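Asker: Next up is a structure, given as structure tokens.
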Amino acid sequence: MTRTHWAAVTAVVLALLFAGAATVASAGGSGNDGANSRIPAATSADAGFARDMSVHHQQAVEMSFIVRDRTTDDEVRRLAYDIANTQANQRGMMLGWLDLWGLPKVSTDSEPMAWMMPGMKGAHAAHSGHQAKDGSRMPGMATNTDLGRLGKAGGKQAEIEYLQLMIIHHNGGISMAEGCVKLCTVDTERNLAQGMVDAQRSEVGLMVDLLHKRGAEVRT
């Protein structure tokens, strides 16, 4: 993992943090009509993305903490720390937006991803083939079986399990963020979603390299 790669990821992370701060500022507004008109509806893509991606990010944080305690490898532990820190911060931003918008943090829809166009939603769920812990489908989510296997592994095997699961998880997150880029109406949230796409694609490249160093391949 080169210093250039880490510098690129760090730059994108900083851009995401600034974009998130700008979104909070614009969402809160100053109480005038222009600010109020920017508040999205509870059923909007903006609100749906914030809710679903918060759940998605929480699992990434969980997996990263698991592998941190299951390996002593500096590269993987550093990657896991960066993912956990970045996604925990982003999750806080998205939940903060929902608070500022006065919208519920839990979706009332029967399934996640209802905010995306039906064709996109079905394609992403079918592509990931993974089921969330609550039994619902969301792109890239690890199953209870996946998490149990990761929690029981150690050393090199834990690193491989984590990298394989996180690549799938990131690819699912990229699909969700791309959906927000197309459908969200809050400019700064769309920009943040595009930043997620760029950052997670970069991290997927790093994780593929780390897998190959361990003699393993991406799981499909």
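Asker: In terms of modelled amide H atoms, which long-range or inter-chain residues lie less than 5 Å from the amide H of residue 137?
Answerer: The list, which skips near neighbours in sequence, is 132.
Asker: With +1 on each Lys and Arg Cβ and -1 on each Asp and Glu Cβ, and nothing else charged, work out how big the dipole of the range 148-220 is about its Cα centre, in Debye to the nearest 20.
Answerer: 340
Asker: Using 0.36 nm times the number of residues separating residue 69 and residue 42, minus their current alpha carbon distance, what extension gain do you get?
Answerer: Residue separation times 0.36 nm, minus the Cα-Cα distance, leaves 5.9 nm.
Asker: Using 1/(1 + (r/R0)^6) with R0 = 22 angstrom and r between the beta carbons of residue 201 and residue 156, what's the FRET efficiency to the nearest 0.05?
Answerer: The computed FRET efficiency comes out at 0.30.
Since every read-out is calculated from the coordinates, none of them should be taken as a lab result. In this text, all values refer to a predicted model and were calculated from it rather than measured experimentally. Here Cβ is always computed from backbone atoms with ideal geometry, including for glycine, and neighbour counts include all displayed protein chains.
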